[in-house]
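The values are calculated or read from the model by the stated rules, or taken from the named source; none is laboratory data. Keep in mind it's a predicted model, so treat the numbers as computed, not measured. Backbone-built Cβ (ideal geometry, glycine too); neighbour counts: all protein chains shown. Ligands, DNA and RNA are stripped out before the accessible areas are found, and what is left, the full protein with its side chains, is counted by its heavy atoms. Shrake-Rupley method; radii C 1.70, N 1.55, O 1.52, S 1.80 Å.
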Amino acid sequence: MKNNIRVERAILRISQQELADAIGVTRQTIYAIENDKFIPSTELALKMSAYFGKTVNELFSL
Amino acid sequence: MNHNRYLLPHSFQRIGWALLIACPILLGIFLWIFNGAELIPQKYSRFGTLIIYLVAAFSALFVGLSEEKQEDEFIHSLRLRSVALTAFVCFVLMILSAVIVDTLVAFRVQNMGVFFSFYQLFNSIIFAFFVYIVIFRYRLYKYRKEASHEE
């Protein structure tokens, strides 16, 4: 599964740590998601979509 | 999402590490008491062994099954993957040690004590706990290091 979390983060100019703090996870979780090493749960995907103001489909794709 | 249903609070991890450090120190003290200085008769040495066993068991339990400062779903998935790898590693070691011990018994090799010790060690749940701790801690360290290089 691919994602464009890194791109969305760059648009908002926030670091991995800032995103991690905002959605209540660790920095290594954001790193693992961005590098396709971990697929987040529905709950975490929804939190990210709410944070970026995008739908889950816009953030994640098969 | 609550991932820590079966985990002890983070404070137990510190206790676990302290007990783990205490293990070799206790071993040294008991070896000195029972063998070196012979302060206590040798026949009571089994109590020393029992104490070290209990300290090792509780340290493994506290370090292995206590939550991280910030326990999230990624760490939870790391735990699950580490448990799976631990099962494979322990299974291979258990089978290998069983085959080696049986082969040596068949060939009537002398001084098998050390091989039986390994056989017992690889069949022990505490050993599996320590293998799990090494695998999980290494993976967590690796991800933390990699993540620290990213912006």
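Are any residues in the stretch B:97-113 polar (S, T, N, Q), within 25 Å of the chain's Cα centre (by Cα) and not in a helix (DSSP H, G or I), and if so, which ones?
Within the stretch B:97-113, none qualify.
Here are B:Leu93, B:Leu65, B:Leu78: which of them is touching a Phe, Trp or Tyr at 6+ places or on another chain (Cβ under 6 Å), open to solvent by less than 70 Å² (accessible area, probe 1.4 Å), more than 20 Å from B:Pro24 (Cβ to Cβ) and aliphatic (A, V, I, L, M)?
After applying the criteria, what remains is B:Leu93.
Suppose the filter is touching a residue at least 24 places away in the same chain (Cβ under 8 Å), within 26 Å of B:Leu20 (Cβ to Cβ), open to solvent by less than 70 Å² (accessible area, probe 1.4 Å) and not assigned by TED's automatic domain parsing to the domain that holds B:Arg144; does B:Ser59 pass it?
yes
Could you grab me the full set of residues in the stretch A:25-52 that are in contact with a Pro (Cβ under 8 Å, 6 or more places away or on another chain) and more than 10 Å from chain B (Cβ to nearest Cβ)?
Listed by number, the list holds a single entry, A:Met48.
When you go through (1) part of a helix (DSSP H, G or I); (2) within 26 Å of A:Val25 (Cα to Cα) one by one for B:Phe127, which number turns out not to apply?
Of (1) part of a helix (DSSP H, G or I); (2) within 26 Å of A:Val25 (Cα to Cα), only one is false for B:Phe127: (2).
With respect to A:Lys47, is the statement that it is of a type in the set (D, E, K, R), in contact with a helix residue (DSSP H, G or I) (Cβ under 6 Å, 6 or more places away or on another chain) and either over 15 Å from B:Glu71 (Cα atoms) or surrounded by fewer than 17 Cβ atoms within 10 Å (Cβ to Cβ) (or both) true?
yes
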